[in-house]
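Structure, as structure tokens:
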């Protein structure tokens, strides 16, 4: 899979998002008990969620860079994109939650339970996909 990732950062982020969404949809198509009882499914869930969020943040970084904005942190970057109408305000809480989720997934001992992650993704995957697509459109415009 790594060979298929482009050296173009925008294309690479889009490819990572697409692959993560595809994997998450497969995992979320299974029952909670199937996912929770399988180490492989748990790793697929966590790894794909982290990849999805990182792809989202890569796009946000790209937009910040072309706007010559230098955020202090990811939350600052998200607020900048919202305040400048690059990201719709309706996604503000979700985008900030994604930053928090990234930190919890990246730092394994932070206490994000697999059950909570499953519930969050089941409830929000469609909106996360919409948010990522809005950033992709902004990058291409």
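No value in this document is a laboratory result; all are computed from the given coordinates. Here the structure is a predicted model, which means the values were calculated and not measured. All Cβ positions, even for glycine, are placed from backbone atoms using ideal geometry, and neighbour counts span all protein chains on display.
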(request) Among the candidates 60, 65, single out the residue that is farther than 27 Å from residue 37 by Cβ and within 16 Å of the chain's Cα centre (by Cα). (result) 60
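Answer yes or no as to whether residue 34 is under 21 Å from residue 141 (Cα atoms) and without any contact (Cβ under 8 Å) to a residue 24 or more places away in the chain.
Answer is no for this residue.
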(message) I'm trying to understand the selection: among the residues of the range 37-51, which are surrounded by 13 or more Cβ atoms within 10 Å (Cβ to Cβ), in a helix (DSSP H, G or I) and free of Cβ contacts under 8 Å to residues at least 60 places away in the same chain?
(response) 41, 44, 47, 48, 50, 51
(request) Considering only the range 104-126, state which residues are without any contact (Cβ under 8 Å) to a residue 60 or more places away in the chain and exposed (fewer than 13 other Cβ atoms within 10 Å of the Cβ). (result) 106, 107, 108, 109, 110, 111, 113, 116, 119, 123, 126
(message) I'd like the full set of residues that are farther than 16 Å from residue 136 by Cβ and assigned to a helix (DSSP H, G or I), limited to the range 12-30.
(response) 23, 24, 25, 26, 27, 28
(message) Could you go through the range 113-129 and let me know if any residue there is part of a helix (DSSP H, G or I) and over 23 Å from residue 26 (Cα atoms).
(response) no
(request) Check whether at least one residue in the range 52-60 is assigned to a helix (DSSP H, G or I) and surrounded by fewer than 16 Cβ atoms within 10 Å (Cβ to Cβ), and report yes or no. (result) no
(request) Residue by residue through the range 64-98, note down the ones that are in contact with a helix residue (DSSP H, G or I) (Cβ under 7 Å, 6 or more places away or on another chain), surrounded by fewer than 19 Cβ atoms within 10 Å (Cβ to Cβ) and not in a loop (DSSP other than H, G, I, E, B). (result) 75, 82, 89, 92, 94, 96
